[in-house]
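The block underneath contains the structure these notes are about, expressed in structure tokens.
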Amino acid sequence: MSIERIGVIGAGQMGNGIAHVLALAGFDVTLEDINAEQLGKALERITKNMNRQAARGLIKSEAVEGALKRIHTAEGLDGMQDRDLVIEAATEDESVKRKIFQDLCPRIGKNTLIATNTSSISVTRLAASTDRPEHFIGLHFMNPVPMMQLVEVIRGIATDDSTFQAALDIVRRVGKTAAYAEDFPAFIVNRILLPMINEAVYTLYEGVGNVEAIDTAMKLGANHPMGPLQLADFIGLDTCLSVMQVLYEGLADSKYRPCPLLVKYVEAGWLGQKTGRGFYDYRGEHPVPTR
């Protein structure tokens with residue numbers, strides 16, 4: 001199954017990162033978003049990140065121009081018509097994703113593969129909202145995509161072997177390592193990582209330590225490169241909450257109950273770096289803990 005033309009739905013943090021690595025690997029990429037301003041910001045970020053990689057010697061400087069020329073943009077799903085594979089990287093909301101797939105399927109060829117970058121939602125259930133569950137797979141890239149080496153590959157119950165092999169080939173071509181995960185809530189990485197972050201929020205909520213103490217403790221005491229609350233801000237607190245809700249509802253275990261403080265921050269719109277405030281306030285020269 002030859003795949004050379006790939007569509008990416010969603011020009012947010014994950015979508016632009018996926019488009020970035022695909023273009024560098026030689027794929028022809030169409031990056032789609034309903035927001036023209038978001039597409040512009042995505043192209044600016046991709047250009048900045050590629051130039052940064054070149055300056056650090058991670059990629060050849062001459063590769064940047066060619067890669068950028070391989071990225072096209074589209075406002076709406078009609079831009080996906082000629083794609084061999086479409087990767088959905090929209091917000092982590094099942095109803096949003098299902099609506100995208102229902103709108104997408106009539107617009108693409110019958111042999112076009114579909115992948116979802118979901119970090120927690122059932123691939124089998126998402127596949128069932130399409131007309132091609134056997135040609136549907138989970139490709140969960142890690143954030144930030146250009147730097148992180150892992151991609152979780154998740155088969156739905158109906159995913160056929162040719163689709164699985166095509167997905168593994170794409171992971172190899174972009175120079176990353178595939179980890180096969182069974183289709184259980186949050187798969188491998190987030191099944192382990194998000195409860196740790198949620199427990200850090202509980203530790204804050206219960207007054208065991210403040211933001212700075214908790215992050216310092218985990219960086220220096222567990223040798224983590226980033227504290228769990230800082231990491232939560234980087235991921236997005238709304239995404240953290242969505243994953244915890246998927247775990248709590250999907251596994252019916254009280255240990256996955258989202259911390260009420262995490263819920264409160266999301267309700268306040270304090271979603272982390274992308275909104276300027278989360279467990280840290282990013283609106284000044286340096287991040288300042290908010291608790």
Pairs where the first residue, in region 266-278, is exposed (fewer than 14 other Cβ atoms within 10 Å of the Cβ) and the second is basic (K, R), C-beta under 9 Å, 6+ apart: A268/R277; G269/R277
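Matching residues to (1) under 15 Å from P195 (Cβ atoms); (2) under 18 Å from the mean Cα position of the chain (by Cα); (3) assigned to a loop (DSSP other than H, G, I, E, B):
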{"residue": "A213", "(1), (2), (3)": "no, no, no"}
{"residue": "T216", "(1), (2), (3)": "no, no, no"}
{"residue": "K219", "(1), (2), (3)": "no, no, no"}
{"residue": "L231", "(1), (2), (3)": "yes, yes, no"}
{"residue": "F234", "(1), (2), (3)": "no, yes, no"}
{"residue": "D238", "(1), (2), (3)": "no, yes, no"}
{"residue": "L262", "(1), (2), (3)": "yes, no, no"}
Residue count, region 140-159 (criterion: outside any loop (DSSP other than H, G, I, E, B) and either surrounded by fewer than 20 Cβ atoms within 10 Å (Cβ to Cβ) or touching a helix residue (DSSP H, G or I) at 6+ places or on another chain (Cβ under 7 Å) (or both)): 7
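For residues in region 214-262 being on the phi > 0 side of the Ramachandran plot and not hydrophobic (A, V, I, L, M, F, W, C), which is surrounded by the most Cβ atoms within 10 Å (Cβ to Cβ)?
Start the filter on region 214-262 by keeping residues that are on the phi > 0 side of the Ramachandran plot, which leaves 223, 236, 252.
Now drop any that are not not hydrophobic (A, V, I, L, M, F, W, C), which leaves 223, 236.
Details: N223: 7, G236: 22.
Filtering first and then ranking leaves G236.
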Selection within region 170-206 - over 17 Å from the mean Cα position of the chain (by Cα), in a helix (DSSP H, G or I) and within 27 Å of I3 (Cβ to Cβ): R172, R173
Any hit, region 160-168, residues being under 30 Å from M226 (Cα atoms), of a type in the set (F, W, Y) and outside any strand (DSSP E or B): no
Residue within region 238-249 that is out of contact with any Lys or Arg (no Cβ under 7 Å at 6 or more places or on another chain), farther than 16 Å from E92 by Cβ and not acidic (D, E) present: no
Residue tally, condition at pLDDT below 95 and polar (S, T, N, Q), over region 1-35: 3
R172 vs. criteria loosely packed, with under 14 Cβ neighbours inside 10 Å and of a type in the set (K, R): yes
The listed residue being over 18 Å from the mean Cα position of the chain (by Cα) and on the phi < 0 side of the Ramachandran plot, out of A36, A23, A11: A36
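Scanning for something farther than 27 Å from Q273 by Cα and surrounded by fewer than 17 Cβ atoms within 10 Å (Cβ to Cβ), does region 32-46 turn up at least one residue? Lay out the reasoning, then the answer.
Start the filter on region 32-46 by keeping residues that are farther than 27 Å from Q273 by Cα, which leaves none.
So far as region 32-46 goes, no, none of its residues is farther than 27 Å from Q273 by Cα and surrounded by fewer than 17 Cβ atoms within 10 Å (Cβ to Cβ).
The values are calculated or read from the model by the stated rules, or taken from the named source; none is laboratory data. Nothing here was measured: the structure is a model prediction, and the numbers come from that model. With ideal geometry, Cβ positions are generated from the backbone for all residues, glycine too; neighbour counts draw on all protein chains shown.
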